[in-house]
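Working notes, structure below.
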Amino acid sequence: MSTIQQNLQDVRSRIAAAAQRCARAPEEVILLAVSKTKPVEAIAEAISAGQHAFGENYVQEGVDKIQYFAQLPQGAGLEWHFIGPLQSNKSKLVAENFAWCHTLERPRIAQRLNDQRPTGMPPLNVLIQINISDEQSKSGIVLGELPAFAEAIAVLPNLRLRGLMAIPAPEADYQRQLAVFSQMHDAFLALKQRYPQVDTLSMGMTDDMAAAIAAGS
């Protein structure tokens with residue numbers, strides 16, 4: 001078994017254990033593999049090990065990989081998520097190539113993505129990025145801005161609002177992690193009441209995965 005296969009197996013086992021501890025079905029939790037800076041050979045190994053959802057931080061690098069795998073039988077059924085900061089001069093590439101954008105935080109970018117999504121493609125799935133720890137260095141809106149921003153996205157026909165994303169400040173203590181993620185879960189439930197298609201809460205990485213899953217990620 002390769003290192004990539006072993007790593008994926010280990011992470012899936014951790015996800016399953018965390019889900020079972022909070023009485024959730026492991027299948028409810030989707031693993032998004034961050035493939036930024038990884039060569040296509042490594043991604044191909046991950047695909048062979050059953051991974052189909054990949055996250056890219058850099059627009060052009062992600063587009064190159066999407067186009068590479070689109071030519072291969074192995075590329076069928078892959079789902080590409082843009083998870084990096086998005087500048088307006090790169091929005092067209094995201095609109096034309098990705099299935100998801102996790103980092104929406106500005107109405108102007110939302111409008112550009114909507115206008116630049118090609119006819120014939122399904123709406124771009126989008127998540128609103130929340131700066132849940134109120135860090136000056138982090139992207140995202142504050143929770144108080146969420147209702148108005150969600151309303152602005154909801155009227156754009158080529159975008160589909162699917163939920164929220166957050167990367168909290170690093171925190172070693174599980175209970176503190178859970179407290180922050182629970183704020184996100186409350187905001188998610190409120191958003192879902194207003195927009196029934198909302199179904200995705202994107203949060204949790206290697207060090208805080210268990211708390212994120214307990215809070216509904």
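The values are calculated or read from the model by the stated rules, or taken from the named source; none is laboratory data. Small disclaimer: the values here were computed from a predicted structure and weren't measured. All Cβ positions, even for glycine, are placed from backbone atoms using ideal geometry, and neighbour counts span all protein chains on display. Note: areas computed on protein heavy atoms with side chains; ligands, DNA, RNA excluded. Shrake-Rupley method; radii C 1.70, N 1.55, O 1.52, S 1.80 Å.
Restricting to DSSP H runs of at least four residues, report the calculated mean residue ellipticity at 222 nm for the chain, -39500 (n - 2.57) per run over all residues, nearest 500 deg cm²/dmol. It would help to have the intermediate numbers written out before the result.
Working: 8 runs with 93 residues, N = 217.
-13000 deg cm²/dmol, from helical runs alone.
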- [ ] Using only the Cα atoms of the range 111-212, each taken as one equal point scatterer with no solvent, compute I(q) by the Debye sum, divide by I(0), and report log10 of the ratio at q = 0.12, 0.19, 0.25 Å⁻¹.
- [x] -0.43, -0.94, -1.33
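Determine the relative contact order of the chain: mean sequence separation of Cα pairs under 8 Å and six or more apart, normalised by residue count, in whole percent. Write out the running numbers ahead of the final one.
Values: 341 pairs, mean separation 32.8, N = 217.
Here the relative contact order equals 15 percent.
Could you work out the relative contact order of the range 91-209? I mean the mean sequence separation of Cα pairs under 8 Å and 6+ apart, divided by the number of residues, in percent. Intermediate values should be presented prior to the final figure.
Details: 188 pairs, mean separation 28.9, N = 119.
Taking the mean separation of contacting Cα pairs over the length of the range 91-209, I get 24 percent.
Please quote Rg/Rh for the chain to two decimal places, taking the Kirkwood radius as Rh and restricting both calculations to Cα atoms. Working shown, then result.
Values: Rg = 17.1 Å, Rh = 17.9 Å.
With Rg and the Kirkwood Rh in hand, the quotient comes to 0.95.
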Task: Accessible-area composition of the chain, carbon plus sulfur, in percent [1.4 Å probe] - done: 52 percent
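Please work out the FRET efficiency for the pair Q136 and N89, using the Cβ-Cβ distance as r and a Förster radius of 30 Å; give the result to the nearest 0.05. Working shown, then result.
Values: r = 24 Å, r/R0 = 0.80.
Step by step, r from the Cβ atoms, then E = 0.80.
Which pairs, out of K65/K92; K38/K90; K38/K192, put more than 28 Å between their alpha-carbon atoms? Can you show the working numbers first?
Working: K65/K92 16 Å; K38/K90 21 Å; K38/K192 35 Å.
The answer is K38/K192.
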TODO: Order the peptides 87-94, 23-30, 52-59 from the highest to the lowest mean number of other Cβ atoms within 10 Å of their residues.
DONE: 52-59, 87-94, 23-30
